[in-house]
Amino acid sequence: MQKTYIMLKPDAVKRGLMGRIIGRIEDKGFKIVNAKMFTLTVAQLEEHYAHLKDKPFFKDIVEYMTSGPVLGMIVEGDDVILGMRKIMGATKWLEADAGTIRGDFACSTTQNLIHGSDSEETAEAEIKRFFGE
Ligand code: IDP
Ligand code: MG
């Protein structure tokens, strides 16, 4: 059984979409095994999004991601890392297919509602970073 780190971003919380997004995760058959709400620090973000630190939009990401609480979750299931990426949809909202979370609910590439680990290595590091597990 695989585990991944999922985070509902501040826009998902503010827009009242947590329940519907969690419903999709559970409908798929994945299991939420831990969850907590918290507000990200700039230091956590600089580590979490280190691969984007030199991008011109990094400032926008920091402003957005620290604008309110997020819901961090550990989600478990067979092939859950790729499975979650599939139901999340593509990063850029115009490339996210209808039927995916981003495709159905987002119309911004920055404010795209949900984070999901992209590999076994990042899943392990992110679960450790945010849950200490
Ligand atoms: P991912 O969230 O689909 O894994 P990443 O490339 O890891 O995509 O980017 C992390 C986050 O940074 C995205 O979810 C989005 O919020 C933001 N982001 C990525 N690329 C862009 C961009 O081209 N413009 C604005 N924001 C971006
Ligand atoms: Mg990513």
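A compact table of results
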| item | result |
| --- | --- |
| Helical contribution to [θ] at 222 nm, DSSP H n ≥ 4, -39,500 (n - 2.57), averaged over the chain, rounded to 500 | -11500 deg cm²/dmol |
| Of the trypsin sites (Lys or Arg not before Pro) in segment 61-102, those whose Cβ has at most 16 other Cβ within 10 Å and which sit in DSSP loop | K92 |
| Inter-probe distance in nm under a simple model that places probes 7 Å from Cα toward Cβ, at Y49 and A90 | 2.0 nm |
| Carbon/sulfur fraction of accessible area - the chain, other protein chains in place, 1.4 Å, % | 49 percent |
| Kirkwood-based Rg to Rh ratio, the chain, C-alpha trace | 0.92 |
| Calculated FRET efficiency for the pair F58/D118, C-beta based, R₀ 22 Å, to 0.05 | 0.80 |
| Heavy-atom surface of segment 8-103, accessible at 1.4 Å and reported per residue (Å²) | 56 Å² |
| S67-A125 FRET efficiency (beta carbon distance; Förster radius 22 Å; 0.05 resolution) | 0.35 |
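The values are calculated or read from the model by the stated rules, or taken from the named source; none is laboratory data. Worth saying up front: this structure is predicted, and the values here are computed from it rather than measured. Using ideal geometry, Cβ is built from the backbone for each residue, glycine included, and neighbour counts are taken over all protein chains shown. Just so you know, the surface numbers come from the protein's heavy atoms only, side chains and all, with ligands and any DNA or RNA stripped out. Shrake-Rupley method; radii C 1.70, N 1.55, O 1.52, S 1.80 Å.
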